Structure formats: C-alpha cells, structure tokens
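Scroll down for the structure; my scribbles are underneath it.
Coordinate-derived values only; no laboratory data. Just so we're clear, the structure is a prediction, and the values are computed from it rather than from any experiment. Positions of Cβ are backbone-derived with ideal geometry, glycine not excepted, and every protein chain shown enters the neighbour counts.
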Amino acid sequence: MSVIAIDGTFASGKGTLARKLAAHYGFACLDTGKIYRAVAAKALNSHTSLEDAKACAQLAATLTLSDLDNPELKSGTIGAAASKIAVHAEVRKALLAFQKDFAKNPGKNVKGKNFKGAILDGRDIGTVICPDADVKLYIDAAPDVRAQRRHSELTGYGEDIIYEDVLAQLIERDHRDMNRTEAPLKPAANAHLLDTTNLAIDAAFEMAISIIDAVLRST
Ligand code: DC
C-alpha cells in the first residue's frame, strides 16, 4: 500500500492533479480541503462563529464521508470560511483520525474497490497527516496565474466576482494558511516541488508521474 501526499497553495492545480494521479495508479483519493470546507459549511449553516474553536471542533467531530458530497462546498464563501476554521488546533485535532484512517485503509468505506494505495491532497499532508508518505509533492504557481484559474472556475459555477477580488482573497488565504501556528502550509523537507505557473494540467500530470515512478522504483 503506497501513500502519496500532495500539498500546495490554493488553486495551484493540486486537486485536479491528485484526482488524475489517483485514476492513473488505481489509488483512492481524499481532497482534505473538502473536510475543512464541510466543517465550515456546518458552522455557517448553524450560525456558529468561525472564531469559536470549541464549537467548530464539536461540528468537526460529527463529520462523515457523505458530508463531503455537498456541491455547495466549492463556493468561494465556504473556502474562505474553511481557511478560518482551519487555524484552530482543536478543529485540526478532531479531523486527524479521519484523514490518517483514510491513508491507512482507503477502501474501508467504498464497497467493491480494491485500491492499491491512497492519495491525499491538502496543506499539511506531507508534514502532519502522512509524514511517512512514500512520495510527497508540493504544488505551487504564481498568484496571478492561480487567481486567473480560480476566477474562471468560479464564474463557471455562476458566481459573480471580478478577477481583482479573487486575487485579493487568494493572497489573504495564502497568508492565513502559511502563517497559522498549527500545521502551517509549507513543503515537507523531502517534498518534490512542482511549479505549475507555465504548465497546463497534462504537462503537470506527466511531470508528477515521472517523479512518482522514479521514487516508487527506488523504494
Ligand atoms: O484546498 P481548499 O481550498 O479546498 O482548502 C480550503 C481551506 O481548508 C484552506 O484554505 C485551508 C484548509 N485546509 C487545511 O488547513 N488543511 C488541509 N489539509 C486542507 C485544507
């Protein structure tokens, strides 16, 4: 059973890459951002303050896999709220077992699937959730390129938002994710860095495969 840890900045392409790699290798895939988004959605829907660490952690403790299927989780509002509740140590602690369990036993909740490994993508996978992952990737791209990608995605969902606001929110999100005390976003010491600024998704996918194949061959 192999584990691939993918971390990176907002809209760097890590989610798309993780899904494509999971299909390629026959691995199960967990987008851990969705976990934080699902907790944020629960907080927003129940009018729980995003600052209230204890109450948000209680909501996190009730999380199930089916909470991740909610299409509303993709929205910019929920993403920003997710980044806010993700600063709380109590919330992160409540979500730890869920993620570690997925990495260890990815087929547990999916009947009839025999996965050969797991891919988790997020902000602290290589550093905290799966420090012993077989391969670690850190994906990044220039802020303006990421903001363009995210702007097209949001307008594709029908959100009415201008590029400048997307860029400002992205810079704020990067700052919060990278500077929080608990599990800040940073590359793990042994992560392979992949800059997708000038790479379309297919080229990034090919590069990731060559890194992963080389590492898995050598272990
Ligand atoms: O990847 P995303 O945009 O869906 O993530 C939403 C927020 O959730 C992100 O800004 C920070 C938080 N997050 C985190 O702290 N740790 C993770 N492993 C994944 C996401």
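Given R₀ = 35 Å, what would the calculated FRET efficiency be for SER2 paired with ASN70, taking r from the Cβ atoms and rounding to 0.05?
The calculated FRET efficiency here is 0.75.
Rounded to the nearest 500, what is the chain's calculated 222 nm mean residue ellipticity when only DSSP H runs of at least 4 contribute -39500 (n - 2.57) each, over all residues?
Rounded to the nearest 500, the figure is -16000 deg cm²/dmol.
For ALA142, which sequence-distant residues (separation of 5 or more, or a different chain) have an amide H within less than 5 Å of its own amide H, given hydrogens modelled in the peptide plane?
The answer is THR197.
Which entries of LYS93/LYS186; LYS42/LYS93; LYS74/LYS113; LYS34/LYS108; LYS116/LYS136 show an alpha-carbon separation above 21 angstrom in the structure shown? Show your work: numbers first, answer last.
Working: LYS93/LYS186 19 Å; LYS42/LYS93 17 Å; LYS74/LYS113 26 Å; LYS34/LYS108 19 Å; LYS116/LYS136 17 Å.
Beyond 21 Å between Cα atoms: LYS74/LYS113.
Return the whole-Å distance between the Cα centroid of the range 36-84 and the Cα centroid of the range 165-202.
If we compute the Cα centre of each part, the gap is 21 Å.
Picking from ILE201, ILE162, ILE139, which is most flexible by a Gaussian network model of the chain using Cα springs under 10 Å?
Most flexible of the set in this elastic network: ILE162.
State whether the range 76-116 is rounded, prolate or oblate according to the following rule on the C-alpha gyration tensor (a ≥ b ≥ c being the square roots of its eigenvalues): a/c under 1.5 gives rounded; otherwise a/b larger than b/c gives prolate, and the remaining case gives oblate.
It comes out oblate by the Cα gyration axes.
Which FRET efficiency value, to the nearest 0.05, is calculated for GLU153 and SER210 with the Förster distance at 25 angstrom and r the Cβ-Cβ distance?
Working: r = 27 Å, r/R0 = 1.08.
Once the sixth-power term is evaluated, E becomes 0.40.
When a footprinting reagent is the concern and you count Cβ atoms within 10 Å, what order do HIS151, HIS47 take, fewest first?
Numbers: HIS151 21, HIS47 6.
Ordered by Cβ neighbours within 10 Å, fewest first: HIS47, HIS151.
Rounded, prolate or oblate: which fits the chain, taking a ≥ b ≥ c as square roots of the Cα gyration tensor eigenvalues, rounded meaning a/c under 1.5, else prolate when a/b beats b/c?
oblate
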